[in-house]
Each structure stands twice: as C-alpha cells, then as structure tokens.
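Undergrad: Below are the structure tokens for one structure; questions will follow.
The values are calculated or read from the model by the stated rules, or taken from the named source; none is laboratory data. The structure displayed is predicted, hence computed values, not measured ones. Please note: Cβ atoms are built from the backbone with ideal geometry, for glycine as well, and neighbour counts cover all protein chains shown. Just so you know, the surface numbers come from the protein's heavy atoms only, side chains and all, with ligands and any DNA or RNA stripped out. Shrake-Rupley method; radii C 1.70, N 1.55, O 1.52, S 1.80 Å.
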Amino acid sequence: MGRPRREVRTAIVERESSSSDESSDEDVDDLAAEEEEEKDEEEEIGEEEEEETKEHSAVEGKKGRKKITISLKAAKLCKVCKGKDHQAGFVGSVYLDCPNRPCYLCKRPGHTTATCPHRLASEHGVTPGIRKTSVGVADFIYERQLGRHRSMVRPRLPIPNKVECGILKLHSRRVTCLEFHPTNDKLVISGDKKGQVGIWDYRKVYDKTVYETVHSCIVNSMKFIPNSDETICSSGSDGHLCLTDLETGLTQSLINLNPGGWQGPSTFKMIYGMDLNLTRNLALAADNFGYLYRLDLRTKKTHDKPLLIHKKGTKVVGLHTNPIDQDIFITSGNDHMARIWDLRMLDSRNHLAELSHPRVVSSAYFSPRTGNKIMTTCQDNRIRIWDCIFSNLGTPSREIVHSHDFNRYLTCFRAEWDPKDPTECLAVIGRYISDDFNGVALHPIDFIDVSTGQIVSKAIDRSITTISPVNKLHPRLDILASGSSRSIFIWSPEDDDDEQPEVKIAVPPRIYTFLGNGSLKRKGDGDNGDCDDEDELDECAGAKKKNERKQKSKKKM
C-alpha cells in the first residue's frame, strides 16, 4: 500500500535508511491521519500568513525515518537593508521603497517615495522668498533697470509634450549635451560619451552626420562661436578645448591640458564647465581640479595662469555667463558651492557671492532675458531659485523638490530655463524616478513653474522607456530636443483636434572618421555598444593609450 500524497505548500522529501523495514498498515493509516490534521492546520495558518514561507524543522519519524522540508517559494529579502520581512524594488512597473530607509525623493524619514507629499504635489512646501517691507537702493535699481523688462501678463506658452520624430542610436554611447543651431532652426548638434559630435536635421529625419574624432572621450559642453554659424567650441574629458567646423569635421585644439598624455588619474585633467564671453571674445573653461582657464578666441592664446575658483581637487562641472552683463559669470562644483564672479576683478578669494548647497551642484544658470534670477540643480533632489541677484543670496527664494538624484552611468540632470518665456518662470528637466502609466514604467520630462514649484506639464511616450537626462528647449520654436541613451527625440505641442500622427524614426547612421591625410573613412552601423560600465578615467586612459599606440606604429612605418 502506497503512502498518501500531501497537498501542502511545501514539498516533503523522505529519506529512508536501508536497514528499516516496511511499515505496517496501521502505521500508514495513523501517519495518513496525522498528515491530514497537519494539512488542516497549515491551511489555517496559510490564510493568515499567505505570503510568508516557513522552514519546518526535521521531524523524527517512526522506525528511523526522518522528514526533511524544503521551501519551494523564495524567501523575501530586501536588497537595501537585507531585511527578511519585506522586499524593495520593482514589482511590475511600480517601485517599492524600503520602509527602513528615508524617502528617496525628499531624503526625509517617516514615509516612502510612493507616499511622499512632494511626489503627490510638486508645489508642496514651496513658499515665495521673503520680501523686504522697505524699499532699499537695490530694490529701486532692480525695479527701474531690470523690472521693466519683465512681462506683467503671463502668456500661456505651448508645451512640447508629443514626440514628433526621433533618431535611434545616433551615437555609439549615451548623449551628454545638446545645442540648437543659431540660424538653422532644423539642425540639432549633439555630443556623446565617446567624444563624438553629431549633426541631425530633424525635418528630413534621415539627414545626419557623426564626427568621431573631435574628442577622445566625453563631450561635456558645446557653444557656437559668435559670427560663425558653422563652428562650435567644445570641451571634453580628454582635457581639450576644441574648435570644430561642422561642414568638414576638421578640429583645432585650442587648449590641451594633458600634453604628456595619460600619466595616471592623479594628474589627468578634464574640462567640464565652459562658456563664451561674447563682448571680450573669450572662452572660459574649468577643469576637474577647480581651476579656471581664459582663452582669447582671436589670438588662440590663454590669459595668464589658471586661477583656482573652487576647492582644490574638486570638479567645476558648470559655468554660465550672464546674458546682460557678460563680465559676470557663475560656476558650480563638487565642493557643494555655486559662486558668482566678476571678470574685471577676478581673484581666487574675490567672488561676488557664494551659494552653499548640501551636495554636489550639477548646474547653475542665470535667467535668459534679464539675467536677474539664478536656478541651480543639486544632487539632494532640489531645484533652488533666487529671484534677484541684488538681494540676500544666503538663502534661496524657494526650493523645489524634484527627482534627479541618480547613481552612476547617467548624464547629470540639469534644470534649464525656457529662453522664450518672457516671465522667466518655466524650466524643463528630466525625471529619474519612474511613474506607472497604465502598467508601463516611464520617466517623464517635467515642465516646472519655478515661481510656484508646480509641474505645469510633462512629456511622456509609451515607446520611450529610458531616462531622458539631457533636454534642450529651442530658442525660437516650440520644440524640445531630448537625449535618451544613444537616441535623440524631438517633441512638439500636442494638438487635441489632430489625430495621432505617424512618428518618424530614423535608423542608426553612418560614422565618418577624418584621417590625418585628409581622406574619409566610413564605419558600418552598430560598431560599438553603449557600455556604460567603464569609469570615466578608465575610458580616457584607454583612449589616450590607443592614440599613443597609433602614433608609435606610424613612426615605425
């Protein structure tokens, strides 16, 4: 007679010694009755604790038989705090927070990211800056000279929240910066992690070109040279400040901070923040050791020695000149500071103001029309606004909680002004934490009213599931360009009356390499994958060593 089979959640494996004899019918009947009783008890426990798995201890059976229980269901384990009573991570398209850690969004304990009041309402806790009751000299100057440039009536701006077209895998690595052409509205210029510069005509979709010999690693910033629509100035993590002709792809190095090549991470210099002073024809660039470099674009020579403007050994990741007074510029760095400088009295300790932050400041920008406001993006998930540079800059006018704190292998999120907004209140920034949109986890691009902290609109598309950290609003058209991984997408305002149009997506392009003898080399599609597991220094070191090997082989030949 065979043993009856137990129908419980755990499987029982019986190990029987070779010396034991078969059980009698009475023993089997007794054992079956016991097993049925155990089954009823386990079913009652299972109703109360349905999602918990229990590991039963080995039970000594009759005549030397032992019962070994093995759990078929994996035990719950939190990857954050290693607790066994809960789980953390994605469940479908919804992310579950660890209850033993502070909220990932606002960095405060007592609630999870899903129930954070700042996530339910972005304007939660946002209060306007304190206004002085008496009118001082600074207020009088501001109202008379700068206040008249502001529009008193706030027009309703169209929000580009619908994908018009896109190009997949334009670059072989992730996109790091975007710029619109100053005169040709249909051209988008992009830089990537590998040092390539791409040119894309989004009206023709398939008209694109990629120059891969501009930099040997990450392109951190790009600006168009004044009075030259076909020349861009770019800074890279290879320590070069370059001029590139967009028609031919030929590159001229203006600054080389590593003339001896790769000598180790302790001495290798990278250029991050960069901007142009149009009135003085200067290029201002800052490196990863806290120094500022000034280059005359006419003579192609640097001014004096590098000037230490941030804590020595820290990156200066952002630099922006004031649109009204080009001698005033602001820098942001890894020393948790944003500083305002005057080019006419530049000295290491002679900054005009210092804006302290709790973590790394990814970017700092003056407002595009009056240059009177300041907006910074900090890694503590805060966007900070200063409404007047003449006021007390010790504390910001308001702090807006927004999800842009990330781990690694992503381009930094930077909140940027809308250059077309006359009120200087609209900003755009990508979002790191995903939201559930009908069962799909998407990362929206948020349009924020910085005067209230409210999210005016957000751009999403079900086909774009990757994060979009790089976003650029067109200076003249209602167009948004977003860089998501290796692809670029163009967004336009959504028209409720029109039907859903067909989105044009281009295939990966050809890559052109200009050799030393002036010949043109064409590479096939899909040469390299987007491998972001390498560190920034390792990538620069590999690129430098590769170039040195090529030069040695040419000398031998």
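Undergrad: Determine the distance separating the Cα centre of the range 420-448 from the Cα centre of the range 322-339; give it in Å without decimals.
TA: Centre-to-centre (Cα) distance: 25 Å.
Undergrad: Next up: Could you work out how much longer the chain between THR452 and ASP296 gets when fully extended? Use 0.36 nm per residue separation minus the Cα distance between them, nm to one decimal. Intermediate values should be presented prior to the final figure.
TA: Working: separation 156, 0.36 × 156 = 56.16 nm, distance 4.12 nm.
Full extension of this stretch gives 52.0 nm more.
Undergrad: Follow-up. In whole percent, and with a 1.4 Å probe on the protein chains, what portion of the accessible area of the range 306-349 is carbon and sulfur?
TA: 49
Undergrad: If we sort 429-439, 467-477 on the protection proxy, mean other Cβ atoms within 10 Å, highest first, what's the order?
TA: Working: 429-439: 17.1, 467-477: 20.5.
Taking the mean over residues of other Cβ atoms within 10 Å, the ranking is 467-477, 429-439.
Undergrad: Kirkwood Rh over Cα pairs of the range 153-226 into Stokes-Einstein at 25 °C, 0.890 mPa s: D in µm²/s?
TA: 180
Undergrad: If you roll a 1.4 Å probe over the heavy atoms of the protein chains, what accessible area per residue do you get for the range 429-487, in Å²?
TA: Working: 2050 Å² over 59 residues.
On a per-residue basis, the range 429-487 sits at 35 Å².
Undergrad: Out of the total accessible area of the range 398-439 (probe 1.4 Å, heavy atoms of protein only), what percent is carbon and sulfur?
TA: Carbon with sulfur: 44 percent of the solvent-accessible area.
Undergrad: In Å³ and rounded to a whole number, note down the convex hull volume per residue for the Cα atoms of the range 259-324.
TA: Spelled out: Cα convex hull of the range 259-324, divided by residues, is 93 Å³.
Undergrad: Over the Cα atoms of the range 338-470, Rg to Rh with Kirkwood Rh, two decimal places?
TA: Values: Rg = 16.1 Å, Rh = 15.9 Å.
Here the Rg-to-Rh quotient is 1.01.
Undergrad: If you don't mind, another one. Please report, to one decimal in angstroms, the Kirkwood hydrodynamic radius of the range 192-268 built from all distinct Cα-Cα pairs.
TA: That comes to 13.3 Å for the range 192-268.
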